[in-house]
Amino acid sequence: NSGLKYKKKTGAVWESERTVTGGTVFYSIDTDSTGAAHIASDDGGTGGRGHVVYVKDVGGTWSAPIIELTGWYDSGSGNYYHLPVIRIDTGDKYHLAFEADNWGGNANWSERSIVIASNSTYGDKGVGGFNWNAGVGLTKNSLTLKGDEAYIAYTNGGTQNIALVNATWTVLSSFAGS
């Protein structure tokens, strides 16, 4: 019984349990207007480099990955992906926030970013260039939507940020974390 499991209740009846593609290090779930589940997960990947997978329920089976990001490392550099948070807007478009890290061989040549991949009107957006040692983070509640606009809360070092993401990435508020 390893891996992430999913079970849906319709009225008083529970469906059979199903295993979700992906892992259980970190996961997020939302539903669209038809009640279909959308799940983003990270199984940690090889060596903790992250493996973010986004799938959706299609008539009782899981879709092929809509987005799949596999962390890698080769000869001193690599990209790592973590902390996926999925939200579905009122037009059934996905907004997948995640941490993306680019390791350049040492901390001085490396950076962290927060990205939102989306098939909405606004497309993919990100903010980055954060210091490797600063610590960037998301939680399962970091992303919320109003129509097709995203509001995201994230940390960069000791600073907490709240941003509106539509045609641009606009930081609305920044404050020292506790």
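The values are calculated or read from the model by the stated rules, or taken from the named source; none is laboratory data. As the structure is a prediction and not an experimental result, all values here were calculated from the model. Please note: Cβ atoms are built from the backbone with ideal geometry, for glycine as well, and neighbour counts cover all protein chains shown. Ligands, DNA and RNA are excluded from the accessible area calculation, which covers all protein heavy atoms including side chains. Shrake-Rupley method; radii C 1.70, N 1.55, O 1.52, S 1.80 Å.
Scan the stretch 148-177 for residues that are among the aromatic types (Phe, Trp, Tyr), closer than 13 Å to Ile116 by Cβ and loosely packed, with under 15 Cβ neighbours inside 10 Å and report the count.
Initial filter on the stretch 148-177 (among the aromatic types (Phe, Trp, Tyr)): 151, 154, 169, 175.
Checking which are closer than 13 Å to Ile116 by Cβ leaves us with 151, 154, 169.
Remaining after also requiring loosely packed, with under 15 Cβ neighbours inside 10 Å: none.
Summing the residues that are among the aromatic types (Phe, Trp, Tyr), closer than 13 Å to Ile116 by Cβ and loosely packed, with under 15 Cβ neighbours inside 10 Å in the stretch 148-177 gives 0.
Note on the stretch 148-165: residues that are within 11 Å of His95 (Cβ to Cβ) and not in a strand (DSSP E or B) amount to 1.
Each row is one residue, and each column tells you yes or no for (1) open to solvent by 20 Å² or more (accessible area, probe 1.4 Å); (2) assigned to a strand (DSSP E or B).
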{"position": "Asp92", "(1), (2)": "yes, no"}
{"position": "Leu96", "(1), (2)": "no, yes"}
{"position": "Asp101", "(1), (2)": "no, yes"}
{"position": "Asn108", "(1), (2)": "yes, no"}
{"position": "Ile114", "(1), (2)": "no, yes"}
{"position": "Ala117", "(1), (2)": "no, yes"}
{"position": "Val127", "(1), (2)": "yes, yes"}
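Criterion applied to Lys93, Lys140 was being at pLDDT below 90, touching a strand residue (DSSP E or B) at 6+ places or on another chain (Cβ under 7 Å) and of a type in the set (D, E, K, R), and the one residue passing it is Lys140. I need the full set of residues from the stretch 62-90 which are more than 17 Å from Asp43 (Cα to Cα), at pLDDT below 90 and open to solvent by 70 Å² or more (accessible area, probe 1.4 Å), in order please. Asp74, Ser75, listed by residue number.
Residue-by-condition table, conditions (1) open to solvent by less than 70 Å² (accessible area, probe 1.4 Å); (2) modelled with pLDDT of 85 or more; (3) closer than 16 Å to Arg87 by Cβ; (4) assigned to a loop (DSSP other than H, G, I, E, B):
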| residue | (1), (2), (3), (4) |
| --- | --- |
| Ser2 | no, no, no, yes |
| Ile29 | no, yes, yes, no |
| His38 | yes, yes, yes, no |
| Gly44 | yes, no, no, yes |
| Gly47 | no, no, no, no |
